[in-house]
């Protein structure tokens, strides 16, 4: 059972890394297509390429971080948990959560728990 859990955690790690890499490539491809398709990085028509690039890149990093946190949790729980491994896991989760919140604010301009203006009630 331990070997299975370790294998699953490795798959989550690989998936997290793959999501970050593929998301980065997708963001670059969309940026390049927009730029070489006659667009401007800071177009006047409201279709800015840089914010779209940053949003796509940020979303892929967020998703990859979530998968990497899941891999850390699976590994820590599956292996005989010690106080040291739980403290290390807690530190990793705190750091990645801080990064996730920071990216969320950077992408959407609001905290994850805040409603969007269209979701507020009158």
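The values are calculated or read from the model by the stated rules, or taken from the named source; none is laboratory data. Bear in mind the structure is a predicted one, so any value in this text is a computation, not a measurement. Here Cβ is always computed from backbone atoms with ideal geometry, including for glycine, and neighbour counts include all displayed protein chains.
Points worth noting:
- Number of the exception - residue 96 against (1) over 30 Å from residue 8 (Cα atoms); (2) touching a helix residue (DSSP H, G or I) at 6+ places or on another chain (Cβ under 8 Å); (3) modelled with pLDDT of 80 or more: (1)
- Leading residue by the ranking (surrounded by the most Cβ atoms within 10 Å (Cβ to Cβ)) among those in the range 76-85 that are part of a helix (DSSP H, G or I) and at pLDDT below 85: 76
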